[in-house]
1. Take the residues of the stretch 90-119 that are open to solvent by 80 Å² or more (accessible area, probe 1.4 Å) and assigned to a loop (DSSP other than H, G, I, E, B): which is modelled with the lowest pLDDT?
2. Looking at Gly375, Gly294, which one is part of a strand (DSSP E or B) and open to solvent by less than 30 Å² (accessible area, probe 1.4 Å)?
3. Within the stretch 57-96, which residues are in contact with a Phe, Trp or Tyr (Cβ under 6 Å, 6 or more places away or on another chain) and under 30 Å from Thr361 (Cβ atoms)?
4. Could you check Ser44 against (1) within 19 Å of the chain's Cα centre (by Cα); (2) at pLDDT 95 or above and say which number it fails?
5. Out of (1) free of Cβ contacts under 8 Å to residues at least 60 places away in the same chain; (2) part of a strand (DSSP E or B), what's the single condition that is false for Ala214?
6. Among the residues of the stretch 222-234 satisfying the criterion of being open to solvent by 30 Å² or more (accessible area, probe 1.4 Å) and of a type in the set (Gly, Ala, Ser), which is nearest to Ala189 (Cα to Cα)?
7. Looking only at the stretch 56-94, filter to residues that are among the polar types (S, T, N, Q) and out of contact with any Gly (no Cβ under 7 Å at 6 or more places or on another chain); which one of those is nearest to Asn337 (Cα to Cα)?
8. Go through (1) free of Cβ contacts under 8 Å to residues at least 40 places away in the same chain; (2) under 29 Å from Met373 (Cβ atoms); (3) outside any strand (DSSP E or B); (4) hydroxyl-bearing (Ser, Thr, Tyr) for Thr69 and report which single condition fails.
Amino acid sequence: MKNIFMLSALTVASIHSAQAVDIKAGDWTVGVGGIVNAYYTAVSCNGAALGGLALGGQGLGCGGQEDRTTIGNGLLPNGLVASAASKQGGYDVKALIGIYNSTATDSAIGQNSVVDVRQAFFTFGNADMGTVKLGRDYGIFGASAILGDMTLLGAGAPVQATQRGRVALGHIGAGYTYLGNYGQIAYSAPKSASGIGFDVALVSPVADTPIVSAPRYTSKSSPQVQAQVTFAQDGFKGWVGAKSQKFTSVTPGVDDLTMAGVELGASFDAGPASLLVNVQGGTGLGILSDADQGDTKSKNYLVQGTFKAMDKLKLGLSYGMSKNDDNTAGTGALRSNANLTLGAYYSLNSLITLVGEVGQTRSKSFAGPTARMNGVSVGGIIFF
């Protein structure tokens with residue numbers, strides 16, 4: 001049974017539809033697949049010097065320079081994914097490990113040996129009881145937004161501070177918060193005949209991980225909770241999600257924080273055209289990770305339209321904004337990040353997609369000044 005959190009975004013979904021190795025051994029089916037991508041990204045930054053997580057500013061957007069070029073990953077990393085599936089005692093059983101790595105670093109001789117084990121979990125269940133998952137995997141909150149983001153196959157916002165040694169950002173921090181990777185115990189209910197699905201997870205609580213300041217919060221005994229209800233029928237899909245966690249302050253004078261977020265979105269396919277809208281809002285959602293701006297109320301918006309101009313060519317336009325409601329200490333006076341991306345995605349064959357994108361990421365402070373990063377991305381991605 002497929003559910004929203006059993007597979008790694010588009011990565012594993014594509015791997016399992018086109019695996020290089022699929023071995024049947026007794027009651028087990030063992031699969032090995034992967035993903036490799038690379039994009040030439042060139043950016044130019046101008047405007048004011050802003051504080052906080054200003055993705056369009058020179059500090060993050062251009063890696064501290066006015067102009068910069070990288071040949072590295074897009075929104076997805078490179079990855080090697082191994083899985084094993086069986087049916088035992090009336091239960092569908094599956095285990096999966098996904099190991100990921102980046103393409104670009106700042107060194108020509110340094111070891112590129114840092115790996116990111118984003119997934120290591122097993123599941124069991126059947127059509128009557130649903131599916132239980134235990135292990136490390138992507139979160140539920142925000143999964144529908146990033147799964148539907150056209151820049152998942154490309155780069156979106158080619159933020160240089162993250163692309164070297166990691167990935168580009170798509171609309172992360174400029175349209176939605178990252179769905180995150182967590183240790184978790186999760187349950188996916190059987191999808192009803194009417195197309196309604198339900199997912200819920202108890203997630204290992206995390207500390208805040210701010211990029212531009214010292215950590216302010218830690219976690220204690222209360223797990224994070226994430227949940228989502230979905231509805232899918234006749235080309236339409238809608239979802240409502242939520243997540244919450246209590247953070248304990250480690251900074252004198254800073255109160256404890258309860259992160260609470262809600263999400264509402266929908267997508268619709270009508271022949272060659274598709275439309276997606278997603279809205280998130282809450283306290284402590286952060287820009288790039290949970291509570292990385294502290295006790296700040298914020299909203300995220302994503303609107304996207306795509307059109308299949310030819311059998312192999314899809315064109316798309318997407319706009320996202322992440323906006324802080326209040327100028328709290330954790331924002332660094334950052335009011336908003338916004339990204340507009342125009343993209344073309346050409347399926348060279350069933351495995352390779354060639355991508356070209358142009359866009360602008362704009363950051364604005366509460367005082368009014370704005371910073372802009374203009375970017376272009378050209379490259380491709382293969383699933384094997």
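The values are calculated or read from the model by the stated rules, or taken from the named source; none is laboratory data. It should be emphasised that the depicted structure is a prediction, and the values quoted were computed from it without experimental measurement. Cβ sites come from the backbone with ideal geometry, for glycine too, and all protein chains shown count toward neighbours. Ligands, DNA and RNA are excluded from the accessible area calculation, which covers all protein heavy atoms including side chains. Shrake-Rupley method; radii C 1.70, N 1.55, O 1.52, S 1.80 Å.
1. Gln111
2. Within the list Gly375, Gly294, the selection yields Gly375.
3. Within the stretch 57-96, Ile71, Gly74, Pro77, Gly79 qualify.
4. All conditions are met except number (1).
5. (2)
6. Ala232
7. Step by step, filter the stretch 56-94, then rank; the result is Gln65.
8. (3)
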